[in-house]
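Data first, discussion second: the structure below is written as structure tokens.
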């Protein structure tokens, strides 16, 4: 395999310091080693050297993301289980140990989806999801916030690299393209979403430029990424998805990109959930006690203990709302 060496996407410097060197410890797609470097000029962290666009696909596990069609009954069951794990009945369900242990993985903080909130409050204008999968699931926010579901509010469209996922979207009459360069020049959007996809792209600046050019005046971009300043990356620096995560963002990095392209950060929030620590324990990146954290009560207690870190900006995931000013 041939790896490509790159300069910093933000400032162009080729002077960087190695901060992490590891193989794929989470998905086990390769035994090869990769490095994360920190730009000596602007501080951006990125994978270097890295697989080229032609090579990167082979490092994704077959079940990595939401590219397939999900039966409606599975979607409903998943929503029910999430409600059981995070609702007021959780304490009762937790009294059944086997059920409580299975639902523990679904315990997570309630983070309102800015996209769904915008349209529910009467927001107008077309919606584009970059990295939308099959359009049936919006990652953390599930089916209700997906491209397919948001058709009830507005005209929707997607950008998705998976040909199989694009075919499913096309069957539902949703405009979808394989790359942002294929989006017709005349198409403008009130909302653009990137759910845990910006860290996978080979040039973040290309996507910020697209957002700046395609947002309507007053439009917003909703970006969610792993937070490289998060608690888990502080206690377990190896807990990164190499080599498929090409960039490792902090809040200041997103703000710097936004400012460069004339965009304004309107809101940001970090958050964590217990399942990520369990997965790190399973992978041997944290003590095995995290892999065996037990039942739903333990998971909810852990989530409460994580909240001060979330509030301090140390949550493991980062949600940023960016707006385009203008008349």
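The values are calculated or read from the model by the stated rules, or taken from the named source; none is laboratory data. Keep in mind it's a predicted model, so treat the numbers as computed, not measured. All Cβ positions, even for glycine, are placed from backbone atoms using ideal geometry, and neighbour counts span all protein chains on display.
Odds and ends about this structure:
- Taking the conditions (1) touching a strand residue (DSSP E or B) at 6+ places or on another chain (Cβ under 6 Å); (2) surrounded by fewer than 21 Cβ atoms within 10 Å (Cβ to Cβ); (3) closer than 22 Å to residue 154 by Cβ in turn, residue 115 satisfies each one other than (2).
- Only one entry in 142, 133 is closer than 30 Å to residue 277 by Cβ, in contact with a helix residue (DSSP H, G or I) (Cβ under 7 Å, 6 or more places away or on another chain), surrounded by fewer than 22 Cβ atoms within 10 Å (Cβ to Cβ) and modelled with pLDDT under 95, namely 142.
- Hey, residue 167 in contact with a strand residue (DSSP E or B) (Cβ under 6 Å, 6 or more places away or on another chain), within 26 Å of residue 52 (Cβ to Cβ) and assigned to a helix (DSSP H, G or I) or not: no
- Scanning the range 149-164 for residues being assigned to a loop (DSSP other than H, G, I, E, B) and surrounded by fewer than 23 Cβ atoms within 10 Å (Cβ to Cβ) gives a total of 7.
- Of the helices (runs of 4 or more DSSP H) lying entirely inside the range 268-315, those carrying at least 3 residues that are under 30 Å from residue 221 (Cβ atoms) are 274-282, 296-311.
Yes or no, residue by residue, for (1) part of a strand (DSSP E or B); (2) in contact with a strand residue (DSSP E or B) (Cβ under 9 Å, 6 or more places away or on another chain); (3) over 22 Å from residue 145 (Cα atoms):
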residue	(1), (2), (3)
199	no, yes, no
218	yes, yes, no
239	no, no, yes
243	no, yes, yes
253	no, yes, yes
259	no, yes, yes
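- Filter result (surrounded by 24 or more Cβ atoms within 10 Å (Cβ to Cβ) and within 23 Å of residue 278 (Cα to Cα)) within the range 210-227: 224, 225, 227
- Just one residue in the set 21, 38 is in contact with a strand residue (DSSP E or B) (Cβ under 6 Å, 6 or more places away or on another chain), over 21 Å from residue 273 (Cβ atoms) and surrounded by 15 or more Cβ atoms within 10 Å (Cβ to Cβ); that residue is 38.
- Some residue of the range 271-287 being more than 17 Å from the chain's Cα centre (by Cα), surrounded by fewer than 18 Cβ atoms within 10 Å (Cβ to Cβ) and under 21 Å from residue 313 (Cα atoms): no
- Set 103, 76, 81, 26: member being loosely packed, with under 13 Cβ neighbours inside 10 Å and either within 28 Å of residue 242 (Cβ to Cβ) or outside the structural domain of residue 239 (by TED's automatic domain parsing) (or both): 76
- Conditions (1) more than 28 Å from residue 63 (Cα to Cα); (2) crowded, with 16+ Cβ neighbours inside 10 Å; number of the one not met by residue 259: (2)
- Picking from residues in the range 196-209 that are without any contact (Cβ under 8 Å) to a residue 60 or more places away in the chain and surrounded by 19 or more Cβ atoms within 10 Å (Cβ to Cβ), the one that is farthest from residue 57 (Cα to Cα) is 208.
- Annotation: residue 110 fulfils all but one of (1) out of contact with any strand residue (DSSP E or B) (no Cβ under 6 Å at 6 or more places or on another chain); (2) within 28 Å of residue 270 (Cβ to Cβ); (3) modelled with pLDDT under 95; (4) surrounded by 15 or more Cβ atoms within 10 Å (Cβ to Cβ); the unmet one is (4).
- If you go through the range 9-28 and keep only what is without any contact (Cβ under 8 Å) to a residue 40 or more places away in the chain, under 23 Å from residue 42 (Cβ atoms) and part of a loop (DSSP other than H, G, I, E, B), you end up with 11, 12, 13, 14, 15.
- Qualifying positions in the range 133-148 - in a helix (DSSP H, G or I) and within 11 Å of residue 172 (Cβ to Cβ): 147, 148
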